[in-house]
1. Listed residues V65, V30, V79; which is open to solvent by 40 Å² or more (accessible area, probe 1.4 Å) and of a type in the set (A, V, I, L, M, F, W, C)?
2. Looking only at region 259-281, how many residues end up being more than 19 Å from the chain's Cα centre (by Cα) and closer than 17 Å to A379 by Cβ?
3. Check every one of the helices (runs of 4 or more DSSP H) wholly within region 158-253 and list those with 2 or more residues that are within 27 Å of E138 (Cα to Cα) and in contact (Cβ under 8 Å) with a residue 40 or more places away in the chain.
4. Only one of (1) at positive phi; (2) open to solvent by 50 Å² or more (accessible area, probe 1.4 Å) is not met by G99, so which one is it?
5. Go through (1) open to solvent by 10 Å² or more (accessible area, probe 1.4 Å); (2) touching a residue at least 60 places away in the same chain (Cβ under 8 Å) and name the single condition G385 misses.
6. Do we find that S198 is open to solvent by less than 10 Å² (accessible area, probe 1.4 Å), away from ligand 2 (no atom under 16 Å from the Cβ) and more than 11 Å from V20 (Cα to Cα) in this structure?
7. Filter region 342-354 for residues that are open to solvent by 10 Å² or more (accessible area, probe 1.4 Å) and more than 16 Å from ligand 2 (Cβ to nearest atom); which is nearest to A303 (Cα to Cα)?
8. With the requirement that a residue be within 13 Å of ligand 2 (Cβ to nearest atom), crowded, with 21+ Cβ neighbours inside 10 Å and part of a loop (DSSP other than H, G, I, E, B), what does region 388-414 give you?
Amino acid sequence: MVTRQSSKTVKPSSPKVLFVGTEFAPFSKVGGLGDVVGSLPKALVKRGIDVRVVTPAWPGVLKTVKDAGHEVTTLPQKVSASYAGAVVEASVHRIDVDGLPVYFLESDYYAGEMYPPLLNNFTVRPFMVFCMQALDLENATDWSPDVFHCHDWTSAALPCLLAWNRQYGELSSRKSVITLHNVAHQGIFHPGPFFAESGIDPSCFNPWGIEFYGQINLLKGAILSTSAVTTVSPRYAWEIQTYESTQELSGVLYSQRHKLQGILNGIDVEYWDPSNDSMLPEGYSVKSMGGKDACRVELLKRASFDPDYTGPIVVCVSRLVEQKGFDIILPALEQINDLGAKFIFLGSGHRWIEDTIKGMAANHSDSLCLFTGFNEPLAHLIYAGGDIYLMPSLFEPCGLSQLIAMRYGTVPVAREVGGLSDTVVDADAEGGGNGFTFLTYDTQGMLWSLRRAIERFSDPKAWSKVRSKGMKEDFSWGKSAVLYEKLYKNI
Ligand code: ADP
Ligand code: GLC
């Protein structure tokens, strides 16, 4: 499992790239950003690119890494940041995952909650310090990146520091890329002592810089100061330039469209592989589906449903937030008795969503079940044991859940938005498809597609056609890794 990167496999002509991300699957993952930072660099390493990752060692992460059997090397030199008049140091712990060097930074700054519920000058500090320490990494290693690849607002300070903090003048010829995984979160807070603490030149506090309606907006600052902006699907790249869908950055994104590119996410197809998944009671593949029944029975038992039930199981593994369509899911669940399916959810997030589903499940304990919390093995069982995957998102930059679901033979019912519209094709469209889609964000629209899926399920031959189509799709990083490689070279 633990391998060292071989210098023979690295293409000397390719730029050296440091991924700067606050999540890294499977050790510190909240959602898809963690999956991407955990899997795209591995695909780039396979293409011979010298890529490394730096990420904070949030509480418990180093223990999980060690428990997974990785050999951890602590570097003799620490990295440091100068913030709010103090020098903040972090120890650097290196592991190698399938040839990918990963540096975990350990400091008191990363000892709290991963993402603060409220952003202000104080709670933003770990993210500012993390970016500064990422820029300092080359002083602790014998390796200096040509490109810093940042992800979302949590590492958006890095391009801003390169552009507007004189301390990093020496690095100003280095390039940066920011990938927008979700424009709904921008890192907005009141400036207060921000400029004095961060050393960022206050002259960038203007509409063409880091300022946003009188506040600091880290994501906006990064978009304007970075060399290239990518987002996680072609459709979302277009949507975020239009007024309706972009939480007010559409003008900025439209003005920067010359450097904006939508590159579809992939998944780690070795990790997400139903024929070789140690978290499942039995494996299966598109050619031999028997094991999916064993997963189904196990899932029914876990949900305390009748294990002999043969009707459709609708599943969803998701953050319980408005983005994922719970506004339209909850009214549909009120009609659960008429739908002819059982529903199993796994997720955590907003209390009101959790409480509403729990309340309904108490009244329909034979057909509705909610598992709360973050549970990786259970997520695998749900993807494998389900029949229909519900993903009626309000907006969806890419979405990985529908890709995983299809790979596990669980057919998505999805809204035609963002990356869902780039990956799910309606089974009733000309030429057939891999799922069931709808356009308008309302319960009736969603139910129209869900009912079509439930009806199709009762025809095993027709169902198998839709399911097989999804299972055979190529959702690996292959094609997209080529596009990232090109982008690094072009900038
Ligand atoms: P987002 O990043 O917006 O949350 P994605 O579909 O891109 O949505 O990725 C979500 C990822 O997080 C998937 O890998 C999904 O399986 C995982 N996930 C979400 N909630 C949970 C949970 N409660 N337990 C385990 N995995 C989860
Ligand atoms: C975000 C988005 C999701 C995307 C993921 C990985 O969390 O909400 O759509 O798949 O990032 O890029």
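The values are calculated or read from the model by the stated rules, or taken from the named source; none is laboratory data. Because the structure is predicted, anything quoted here is derived from the model rather than measured. Using ideal geometry, Cβ is built from the backbone for each residue, glycine included, and neighbour counts are taken over all protein chains shown. For the accessible areas, the whole protein counts, side chains as well, though only heavy atoms, and no ligand, DNA or RNA atoms are used. Shrake-Rupley method; radii C 1.70, N 1.55, O 1.52, S 1.80 Å.
1. None of the others qualify; the one that does is V30.
2. So the answer is 7.
3. Values: elements: 194-198, 218-225, 234-239.
Answer list for region 158-253: 194-198, 218-225.
4. G99 satisfies every listed condition except (2).
5. Condition (1) is where G385 drops out.
6. Yes: the conditions hold for S198.
7. To start, the set of residues in region 342-354 that are open to solvent by 10 Å² or more (accessible area, probe 1.4 Å) comprises 342, 348-352, 354.
Adding the requirement that they be more than 16 Å from ligand 2 (Cβ to nearest atom) leaves 342, 351-352, 354.
Details: K342: 10, R351: 21, W352: 22, E354: 16 Å.
Checked region 342-354; the qualifying residue nearest to A303 (Cα to Cα) is K342.
8. S393, F395, E396, P397, C398, G399, L400
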